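The values are calculated or read from the model by the stated rules, or taken from the named source; none is laboratory data. Values in this document were obtained by computation on a predicted structure and should not be read as measured data. Neighbour counts are summed over all protein chains in view; Cβ atoms, including those assigned to glycine, are modelled from backbone coordinates with ideal geometry. Each accessible area value is taken on the protein alone, full model and side chains, heavy atoms only, with ligands, DNA and RNA left out. Shrake-Rupley method; radii C 1.70, N 1.55, O 1.52, S 1.80 Å.
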Amino acid sequence: MSLDTQWHAEQRSAWLYERVAEAETELTARRMFQQLARSASHQADLVAKEIEAGGSLPPEPFVPGMRERIIAGLCRLFGPRRIRPALAAMKIRGLSVYQGPAPTGHPLPRTVEEFGSRHRSTAGLNLRAAVFGMNDGLVSNAGLVLGVAGATADATSMLVAGAAGLLAGAFSMAAGEYISVRSQRELYEYQIGLEREEVELYPEEEAEELALIYSARGIKMEDARAMARSIFEDPKRALETLAIEELGVNPEELASPWAAAIASFSAFAIGALVPLLPFIFRAGDAPILWSVSLTATALFGAGAAISLMTGRSAWMGALRMLAIGSGAGAATWIIGRMLGVALS
């Protein structure tokens, strides 16, 4: 990154920190963002001195662009807490302050080893994505098959429509997941790269920013500074801690877009395959009835599985999912029936 670009990034951060502080109603968080604004402005001054020392003219005064003004407007309108993803994308740090102290039974970490050790596990997210992906494939393809069944009694037409729906839906889900995860990964990689440069160039300033974040989360400033200094004795650990505390991500655990796409494709395809099994294996003279029965059973099981992540009753979750899927299937069958009559 060039010095001009770095100066602009720090000035932009300082300007946005001030806007966030103005919109923040909680006193501790407001003070933290005000201090972060001063820290970013100080770093911008250091970069400006480097530019002048290299024989170049000092940078022009910073003028916020349209993007910065939109973010500031959203911040005033909705508050910083509600637009955290947008603020993170604009290199606004300290957003972990909105996590607040952990609830009773999970006290706020008080040592260097504890801070940064708790971050979001991808295992639960992958399980959630798999369950909902399968459920999406199940409901959407069952509805498609029933819609065709309402228009025609031809089993081959139902199988062809279902197979097309499976492939189209699975590829669509995979493409969407790949783009989503790839974009998120690129954002994190860019921001981690910025953090790496700043840790190398301005370790004291970055340590102070980390101390400010710890202080805003309930640690005495003296203890927060001591922990930050200890962490910064190891640059690799400092970068990892900053990424976790400021970005909410571990640099060692960035999600793979290809893995996400394959998992999304597979989950949707498995769910979408269920309504087609009776047509593939030619189950009896009325495969549509077997398809409805098999789909209903799968919906019941999917609802029970989802209850594991919501903490609700498995029976209630299963019956609710069955009711939702049945409603969607009935609606598509009725529409297919009406279209079949109208076109006949």
Worksheet item: What are the extents of the Cα atoms of the chain along their three principal axes, listed from largest to smallest and rounded to whole Å?
Response: 84, 48, 35
Worksheet item: With all protein chains present and a 1.4 Å probe, how do SER140, SER13 order by accessible area, largest first?
Response: SER140, SER13
Fill in: In degrees, nearest ten, helix 203-216 long axis to first principal axis of the chain (Cα)
60
Fill in: Hits among aspartates and glutamates - C-alpha to C-alpha of LYS49 under 15 Å, sequence gap 8 or more where chains match
ASP4, GLU10, GLU60
Worksheet item: Counting only the backbone N, which residues of the stretch 174-196 are under 14 Å from the spot 7 Å out from the Cα of TRP258 toward its beta-carbon?
Response: 178, 182
Discussion item. Using each residue's phi in the stretch 5-14, evaluate 6.51 cos²θ - 1.76 cosθ + 1.60 at θ = phi - 60° and report the 3J(HN,Hα) Karplus result to the nearest Hz, with x for Gly and Pro.
Written reply: 5, 5, 4, 4, 5, 5, 5, 4, 4, 4
Item to complete: Compute the long axis of helix 314-343 from its Cα atoms, compare it with the longest principal axis of the Cα atoms of the chain, and write down the angle in degrees, 0 to 90, nearest 10.
Response: 60
Discussion item. Please report the accessible area of THR25 (heavy atoms, 1.4 Å probe, ligands and nucleic acids excluded) in Å², nearest 10.
Written reply: 120
Discussion item. With unit charges on the beta carbons (Lys and Arg positive, Asp and Glu negative) and the dipole taken about the Cα centre of the chain, which residue among VAL274, SER326, TYR214 sits farthest to the positive side?
Written reply: SER326
Practice prompt. Heads up, I need the accessible area for SER39: 1.4 angstrom probe, whole protein in place, Å², nearest 10.
Written response: 20
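Quick one: putting +1 on the C-beta of Lys and Arg, -1 on the C-beta of Asp and Glu, what dipole do you get for the stretch 187-313 around its Cα centre, in Debye to the nearest 20?
Values: 9 positive and 20 negative charges, 262 e Å.
Roughly 1260 debye, rounded to the nearest 20.
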Response to the item:
Once ALA89 and GLU50 are pulled to full extension, the length gained, defined as 0.36 nm per residue separation minus their Cα-Cα distance, is 11.4 nm
Discussion item. Which of rounded, prolate or oblate describes the stretch 184-230 when judged by the alpha-carbon gyration tensor and an a/c cut-off of 1.5?
Written reply: oblate
Worksheet item: Over the chain, what is the mean sequence separation of C-alpha contacts under 8 Å (at least six apart), divided by residue count, expressed as relative contact order in percent?
Response: 24
Item to complete: Using the Karplus curve 6.51 cos²θ - 1.76 cosθ + 1.60 with θ = phi - 60°, work out ³J(HN,Hα) for each residue of the stretch 63-68 in order, rounded to whole Hz, and write x for Gly and Pro.
Response: 10, x, x, 4, 4, 5
Discussion item. Using the Karplus curve 6.51 cos²θ - 1.76 cosθ + 1.60 with θ = phi - 60°, what ³J(HN,Hα) values do you get for each residue of the stretch 51-58, in whole Hz, with x for Gly and Pro?
Written reply: 4, 5, 5, x, x, 8, 6, x
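Per residue, how much accessible surface does the chain expose to a 1.4 Å probe? Answer in Å², no decimals.
On a per-residue basis, 54 Å².
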Fill in: Label-point gap, in nm, between ARG237 and LYS220 - each point 7 angstrom along Cα→Cβ
2.2
Discussion item. Let me check against my output: what whole-number percent is the relative contact order of the stretch 154-258, with C-alpha pairs under 8 Å and at least 6 apart?
Written reply: 34
Practice prompt. Determine the shape class of the stretch 132-281: with a ≥ b ≥ c the square roots of the Cα gyration tensor eigenvalues, call it rounded for a/c under 1.5, and otherwise prolate if a/b is greater than b/c, oblate otherwise.
Written response: prolate
Discussion item. Order THR156, THR241 by their accessible area, 1.4 angstrom probe, all chains in place, largest first.
Written reply: THR156, THR241
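Calculated from DSSP H runs of 4 or more alone, at -39500 (n - 2.57) each and per residue, what is the 222 nm mean residue ellipticity of the chain, nearest 500?
Taking each H run of at least 4 residues, the total per residue is -25000 deg cm²/dmol.
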